[in-house]
1. Go ahead and estimate [θ] at 222 nm for the chain from helices alone: -39,500 (n - 2.57) per DSSP H run with n ≥ 4, summed, over the residue count, rounded to 500.
2. Under the √(5λ) rule applied to the eigenvalues of the Cα gyration tensor, what semi-axes describe the equivalent ellipsoid of the range 430-478? Give them in Å, descending.
3. Which FRET efficiency value, to the nearest 0.05, do you get for Thr332 and Glu155 by plugging their Cβ-Cβ distance into 1/(1 + (r/R0)^6) with R0 = 60 Å?
4. Note down the net charge around Asp193, summing +1 for each Lys or Arg and -1 for each Asp or Glu among other residues with Cβ under 15 Å from its Cβ.
5. Counting alpha carbon pairs within less than 8 Å and at least 6 residues apart, what relative contact order, in whole percent, applies to the range 393-521?
6. So what does log10 I(q)/I(0) come out to for the range 314-472 at q = 0.11, 0.21 Å⁻¹, using the Debye formula with one equal point on every Cα and no solvent?
7. Which whole-number percent is the relative contact order of the chain (Cα, under 8 Å, 6+ apart)?
8. For the peptides 420-427, 468-475, what is the packing order when you average, over each peptide's residues, the other Cβ atoms within 10 Å and list the highest mean first?
Amino acid sequence: MKDELQTEVSRRRTFAIISHPDAGKTTLTEKLLLFGGAIREAGSVKGRKAKKHAASDWMDLEKQRGISVTSSVLEFTYRGYHVNILDTPGHQDFSEDTYRTLAAADSAVMLIDCAKGVEPQTIKLFEVCAKRGIPVFTFINKMDRHGKDPFDLLEEIESVLGMRSHPMNWPVGIGSEFCGIYNRHRSRLERFDRQKDARQLDVEGPDDPLIREEVGDLLADQLSEEIALLDIAGDPYDFEKIRNGELTPVFFGSAVTNFGVEAFLEDFLGLAPSPSPRESDQGLIQPEQPDFSGFVFKIQANMNPAHRDRVAFLRICSGKFERGMNVRHVRTGKNLKLAQPQQFMARDRSIVEEAYTGDIVGLFDPGQFRVGDTLCEKGSFQFEPLPKFPPEHFAKITNKNAMRYKQYQKGLEQLVEEGAIQKYRTFLSGPEEIIIGAVGELQFEVFDHRMKSEYGVDLIFERLPFRFARWVKGAVENPARLQQGRRTLCVKDDEEQLLVLFDSEFFMEHFIQQNRELTFAKQSD
Ligand code: GDP
């Protein structure tokens, strides 16, 4: 049993792809699934992309998108590895769940559009990965098109993200001249041809005459110079640093033409970590520990009023999971039987019989789970709580119908606990007001819809102009001084932690400078 578990853990790779919309995440995911044999045709993943929608169209939305809504993980096996790709919704679906999903990942693939470089959503997601110290692997996409100079892209990764990089391969020519990548570690020229399939040529090094024959003198000279420069001035390959999240290996390629994707997958799977130990209130929980444990990182409500059930997504952190097993729900102290766990792959939900550390299972949830809950087979410990992330959308809510006050209170409390939305209250002057905050717009729509359909409560939303929030750490004397006209709003969260909301980043930076004695954080404790 121990050996079996060890083998299963060591072959697992659980990761998320982080990127800005349109960088090519859907395309790359699809290619990866094709290699894994998890889908048969291109286009299967594509069809699920969201259009602008209202939460009330949820079921249609589910149908349109298949895996994006009803599922959270794509699984496949490739050369003995068991791969779990965590789906991180982007676009207008960007929400706190997107961040939380990163808590369930052991590594991340950062996808960058070579023409656009490091974009805002990538920065936000990267910061969460960096805070967790998980290894980040960079794939620079769309090399078949004109893009920025590769050195400039590396420089951007360093200056914008503060991350050193090591190119694993290097493009030969860019834009219309792009004719392949030179694989530094395998001494291989991967030849790109717009008309024909890619070819791989083993070479002695960047100066091999074979390269010259293939790409011509000009590009061969350029490659030779650039590789020499990287060898001298670039960061050397350092496995430890990669594993510690201090150095990102960089791969160039083109997802849509399927160029450089398989080579990337191979190297990535070899370098990426298997599930790592997880912090709990009783110390580190080792992935090979035989007793099952895991935590809930996301709750997906079913928007169909006929099926109020939810799915709680659990990341397994130790042991083997078996259908029907009895576990302890640590927060409530109750024992639960996990009867109908689901695993998700492409469009079909399937019942999972067993799963191992690193896997994600979906648990039927009649309303008992909250984001951050721990389940364990033996003992009673709690994994680290999931942080709250900085919301960017705020609204004041009021209950339209005073007669439904109880339902309003209950709905609000439950949805906040579940992690669907963040809730704050004003406290400085006048009657207390309830402010809700969300990372993505969609969270408001879903919240409004669920309050109506599940609790029969109509809300009045008054959108507020604030766009940024910072938690103020430690005790603050005289918080009223932090309230500066209409440009800031001082509120408290349910843990009595103080937050300041700002209407502009510029003003926020200025404000932080003016209040240097205070510590402002992007996440709650
Ligand atoms: P997502 O929003 O990150 O999921 O991006 P998509 O995968 O939908 O890609 C956005 C657009 O970029 C689509 O039109 C893709 O066909 C295109 N695209 C993706 N990868 C590449 C690539 O390697 N080269 C080129 N030229 N276009 C690409």
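Since every read-out is calculated from the coordinates, none of them should be taken as a lab result. Computed from a predicted structure; not experimentally measured. When we count neighbours, we look across all protein chains shown, and the Cβ atoms used for this are built from the backbone with ideal geometry, even at glycine.
1. Details: 14 runs with 144 residues, N = 525.
Taken over the chain, the calculation gives -8000 deg cm²/dmol.
2. Values: eigenvalues 143, 42, 23 Å².
Semi-axes from the Cα gyration tensor: 27, 14, 11 Å.
3. Working: r = 51 Å, r/R0 = 0.85.
About 0.70, to the nearest 0.05.
4. Numbers: positive: Arg191, Arg194, Lys196, Arg199; negative: Asp144, Glu177, Glu190, Asp197, Glu213, Glu214.
Net charge around Asp193: -2.
5. Numbers: 206 pairs, mean separation 35.6, N = 129.
Averaging sequence separation for qualifying contacts and normalising by length gives 28 percent for the range 393-521.
6. So the normalised log intensities are -0.59, -1.29.
7. Details: 1105 pairs, mean separation 71.0, N = 525.
Reported as a whole number, the value is 14 percent.
8. On the way: 420-427: 19.5, 468-475: 16.8.
My ranking of the peptides, most packed first, is 420-427, 468-475.
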